[in-house]
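Reading through the structure tokens given below for one structure.
Values quoted throughout were computed directly from the atomic coordinates according to the rules given, and no laboratory measurement underlies them. This is a predicted model, so every value here is computed, not measured. When we count neighbours, we look across all protein chains shown, and the Cβ atoms used for this are built from the backbone with ideal geometry, even at glycine.
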Amino acid sequence: MCQAPESKCAREPRAPTILKEERNLQLGKLLYGAGGLEIEFDDRVLAHLQLVVSAKLRRSEGFFFSWRDDPALGDGRSSIWLETSIPLRFRYSSSQRHDLNREWLEELSQSANQPAGLVLTTEPGEDITRPKSRV
């Protein structure tokens with residue numbers, strides 16, 4: 001259950017309403033740790049996450065990062081601990097640079113600074129595909 005203000009809970013990622021093929025999503029990957037965990041995100045989401053995560057890690061601040069899972073994974077949620085000693089790689093599926101939404105970056109940054117850590121929310125006015133992870 002979302003513990004953020006109600007306006008943000010309403011935008012917490014839920015089951016996608018638009019198929020990947022219909023939106024022509026470009027799914028990149030967040031590669032986490034030495035164990036080979038791969039988490040798929042839309043490239044646009046990944047670009048925003050990279051900025052927020054890198055800002056925290058530059059300050060040597062460890063934190064949790066949480067998201068709602070894709071229904072194919074059981075419709076649950078996942079969290080990972082991020083800190084400078086854990087290998088992290090952002091791999092985009094295309095070379096396209098995405099315009100960044102400053103409002104969304106601010107929301108994600110504020111979330112990352114809370115005790116519960118960074119919780120992925122949808123971009124204001126958008127739906128996103130839930131991340132998929134593979135070990």
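Restrict the search to the stretch 19-96; then list the GluC sites (Glu not before Pro) that DSSP places in a loop and that have at most 16 other Cβ atoms within 10 Å of their Cβ.
In loop regions of the stretch 19-96 (DSSP not H, G, I, E or B), the sparsely surrounded GluC sites (Glu not before Pro) are E61, E83.
A55: net charge of surrounding residues, Cβ under 12 Å, Lys/Arg +1, Asp/Glu -1, itself excluded?
Taking every Cβ under 12 Å from that of A55, the sum is +1.
List every residue whose amide H lies under 5 Å from the amide H of T121, counting only residues 5 or more places away in sequence or on a different chain, with H placed 1.01 Å from N in the peptide plane.
none
Can you tell me what share of the DSSP beta bridges in the stretch 25-134 is antiparallel? A percent to the nearest 5 is fine.
Roughly 90 percent of the DSSP beta bridges within the stretch 25-134 come out antiparallel.
Given +1 on the Cβ of Lys and Arg, -1 on the Cβ of Asp and Glu, and no further charges, what dipole in debye does the stretch 25-134 carry about its Cα centre, rounded to the nearest 20?
440
Do any trypsin sites (Lys or Arg not before Pro) in the stretch 31-131 lie in a loop, going by DSSP, with at most 10 other beta-carbon atoms within 10 Å of their beta carbon, and if so which?
Answer in residue order: R59, R97.
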